[in-house]
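In what follows, a structure is listed as structure tokens, so that the remarks can point back to it.
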Amino acid sequence: MTRENQWVERYFDQVADYYDDLQADTADLPLLPADRCLGGLMTDGPRKVMDLGCGTGRLTLKLADAGHRISAIDVSGRMIEACRARLANAGRDEELAWKADVSDPNVLAAAAYDAVFAIDLFDYLGLGMVEFLDICFRTLRPGGKLIASFGNGLLPLFSLDRSTSDFFRDHIFERVPFVDEDTRVAVTQTAKGLLRCADDPPKDHSGAQGYEADKQAGVARLVHSDLPRQSINPLTLADVLARAGFKALDQQFYGYLAVPPGLRNAFPRANDEAARQMESHWEKDWRGTFMAQRLFLVMEKIGHG
């Protein structure tokens with residue numbers, strides 16, 4: 001297990017007891033497009049499906065209720081306990097969920113599944129997009145579907161905060177053929193000075209059930225901002241997928257921001273009301289390339305192996 005995965009395991013072990021409470025406001029967002037594709041999997045009867053990074057099992061149970069033959073794994077043992085409890089409470093076999101590291105090459109059998117779900121997994125996986133797609137390619141049968149969500153790597157162009165200056169530094173100014181390195185550094189520093197919007201505040205766990213008790217007990221904690229995070233560039237997806245043996249069947253944006261994060265505290269109601277409208281009507285709008293926090297993809301394995 002990589003050091004990054006150890007941090008991810010520790011964080012989600014910490015929050016497992018109140019994870020659903022933490023996600024109460026946004027928990028259904030990634031499942032909305034996932035729900036839409038469940039019916040399509042059933043056209044020829046129940047499918048053999050793997051839920052990677054199953055968490056507390058919200059999607060796992062939905063898949064089981066839809067009639068599929070489910071397996072589910074997560075790197076966090078506490079999350080698996082919560083997933084098993086949810087399955088057992090619904091009268092499902094809790095043994096279909098177990099603790100495992102997706103990056104372990106011995107975990108997933110070759111050509112074993114008709115569909116793989118990976119909702120909010122790639123962000124924390126510590127693998128590049130090519131490596132992630134290769135894992136999914138190997139475990140899918142020919143024509144199998146990969147249903148996954150990803151962070152939008154182009155959101156910094158809209159967020160107007162520290163991530164914007166980091167984006168220009170890492171992806172723009174590093175590639176511009178400036179006459180010398182001193183010029184590159186000067187341009188980068190000047191651009192950083194132009195972006196003085198406040199960063200989005202860290203996610204507040206204080207309202208979640210169980211958090212205050214842990215805090216009073218002096219439990220050493222990680223916070224969400226401590227975790228390694230990664231995202232993808234929507235504009236390069238087609239080429240990356242083709243090289244990995246996949247084709248995109250559907251792409252939807254979600255988690256819209258109506259205003260940059262630094263302005264949300266000043267205009268909370270305006271942002272929330274507009275974002276809900278955008279969520280409903282802008283799933284495929286080009287503005288999602290910059291204004292949506294996440295994107296949802298349905299991909300099909302077109303290569304053999």
Requested in this report: Please find the FRET efficiency linking V130 to W7, where r is the Cβ-Cβ separation and R0 is fixed at 30 Å, and quote it to the nearest 0.05.
Outcome: 0.85
Report summary line: For segment 52-189, the per residue accessible area (1.4 Å probe, Å²) is 43 Å²
Report summary line: Under the 7 Å Cα-to-Cβ spin-label approximation, V176 and N106 lie apart by a distance in nanometres of 5.0 nm
Requested in this report: Take the Cα of D44, step 7 Å along the line toward its Cβ, and report every residue of segment 96-119 whose backbone nitrogen sits under 19 Å from that point.
Outcome: 110-117
Query raised in the report: In whole Å, what is the distance between the alpha-carbon centres of segment 283-305 and segment 225-273?
Result: 9 Å
Requested in this report: Express the carbon and sulfur contribution to the solvent-accessible surface of segment 79-175 as a percent, rounded to the nearest whole number, probe 1.4 angstrom.
Outcome: 49 percent
Report summary line: Under the Karplus relation with 6.51, -1.76 and 1.60 and θ = phi - 60°, whole-Hz ³J(HN,Hα) for segment 181-193, x at Gly and Pro, equal 5, 4, 5, 4, 5, 5, 5, 4, 5, 5, 4, 4, x
Report summary line: In whole percent, the fraction of accessible protein surface over segment 232-305 that belongs to carbon or sulfur atoms, probe radius 1.4 Å, stands at 55 percent
Requested in this report: Rank-order 76-89, 93-106, 173-186 by packing density, defined as the average count of other C-beta atoms within 10 Å over each peptide's residues, highest first.
Outcome: 76-89, 93-106, 173-186
Report summary line: Site N233, offset 7 angstrom along Cα→Cβ, radius 17 Å on amide nitrogen, limited to segment 134-155, gives 151-155
**Report entry** Shape box of segment 92-132 [Cα atoms, principal axes, largest first, Å]
**Finding:** 33, 21, 18
Query - Calculated log₁₀ intensity ratio I(q)/I(0) where the Debye formula runs over C-alpha points of segment 249-303, q = 0.21, 0.27, 0.30 Å⁻¹ - result: -0.73, -1.02, -1.15
Query - Relative packing of 272-283, 144-155, which averages over residues the other C-beta atoms within 10 Å, highest first - result: 144-155, 272-283
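The values are calculated or read from the model by the stated rules, or taken from the named source; none is laboratory data. On a predicted model such as this, the values are computed, not experimentally measured, just so you know. Don't worry about glycine lacking a Cβ; one is built from the backbone with ideal geometry, like all the others, and counts go over all protein chains shown. Keep in mind that these areas ignore ligands, DNA and RNA; they rest on the heavy atoms of the full protein, side chains included. Shrake-Rupley method; radii C 1.70, N 1.55, O 1.52, S 1.80 Å.
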